[in-house]
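So the structure is just underneath, and the comments pick up after that.
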Amino acid sequence: MLLAQGRDHLAIPGPSVIPDRVLRAMHRPSPNIYAGELVKVAASVFRDLKLIAGCSGDVAIYHGNGHAAWEACLCNMFSRGDRILVLVTGRFGDAWLQMARDLGLDAQVLNFGTEVPVVAEKVFEALEADNGHRIKAVLTVQTDTATSSTNDIPAIRRAMNQADHPALLMVDAIASFACEPFHMDAWGVDMLVTACQKGLMTPPGLGILFIGERAWSAHRQADLNTPYWNMLPRVKPSMFPEHFCGTPPTSHLYGLREALDMLLAEGMENVWARHRVMALCVWHAVDVWSEEGDIKCQIAQTYHRSMAVTTIQTALGDASRVRAFCETHLGVTLGMGLSLQASAPPVDQLFRIGHMGHLNPPMLLGTLACIDVAFKHLAIPHGRGALDAATQLISEHATTSRI
Ligand SMILES: *Cc1c(COP(=O)(O)O)cnc(C)c1O
């Protein structure tokens, strides 16, 4: 007998669950790509993305995933040999760093390990030590999807201002965008990088850059810039397809339009509050599991954690047993553990729960219940009553709008 019939649930931190409404919106014949409805849809997508980002600047969309958006950002901003400061809090920061080095940038690193977010004081010190202002930009993630730590972006900006350093601030919010607040203008972020397959609930395929005014001055000098990555014609096209350097991602634009309709109808404050309840629900469950055995959240402080993904530690080997059992026997797929270095193999001591995007209590409670089943079936020591804690939390917040 196999219980895993019915609808499979993907609880990895991206791609996230795609709403049926988004799938239906994408299922249509190819539109005219020079004029008509698609042109209006794209304009409204640009407008609403900026609304969610708190961005009054420009936005460019690339056919591509998050890595494409990373490369677009680097190529539009820098020349070979430029010095940058990369803040690493897990595998994703490290992978962006490796990409920058492979492109020929002179990357200085502040590595904060895998258990805490960026310490703004260290950023201040590194910038203060840079007397000649050689560092052109500070690069950081908002959430590192491997460790599930979340950085305080305004605190990093404050540290940069305190050091009176002119470097630009570039932030990868691929995991966190539309899951927790981002206010690009207000936070003094010069470039924001994201993608459509996590909080934006659309199949992988769109990399997105939000471009602040100061980023354009760096762009003019960037010798890594190439015709395809060049963001200038993408934001100031002479004809519509130049937004995409050729044929637009037609179905994806319709899908993203539908996803944005869903988010804006819910209201971003509510979207963020819902993610907060989901995250708290996971953490309450983990707190109870951790009362016995070796289970705990990788990030100790709740205020350092992500609203979109939680990384859970187990005894060595247990994480992959739990993941395999959940996927094969229960129909829920959990995220695997990723180590710090981009090149290292998966970690047998970590698994991750994605709680981003199109998610409600039955989906999340179902996931937590299945993990609880796995602990029992596999005789992994764990505290009893995690589901009770999770349902208690949801019952307390089911009708509140602010938490
Ligand atoms: C998912 C993710 C990426 C990579 O995106 P891909 O679409 O897999 O290229 C980069 N950074 C963060 C923080 C992510 O969560």
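Since every read-out is calculated from the coordinates, none of them should be taken as a lab result. Just so we're clear, the structure is a prediction, and the values are computed from it rather than from any experiment.
Tabulated results
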| quantity | calculated |
| --- | --- |
| The chain, helix-only ellipticity at 222 nm - DSSP H runs n ≥ 4, -39,500 (n - 2.57), divided by all residues, nearest 500 | -12500 deg cm²/dmol |
| Under-26-angstrom lysine pairs by C-alpha in the chain, whenever the two are 8 or more apart or on separate chains | 10 |
| Computed over the range 246-370, Kirkwood Rh from alpha-carbon pairs, angstrom | 16.3 Å |
| Rg/Rg_ref, the range 354-403, where Rg_ref = 2.2 N^0.38 Å and atoms are Cα | 1.30 |
| Once the Cα gyration tensor of the range 31-95 is diagonalised, semi-axes √(5λ) in Å | 30, 14, 12 |
| Whole-Å semi-axes of the chain's equivalent ellipsoid (Cα gyration tensor) | 35, 27, 18 |
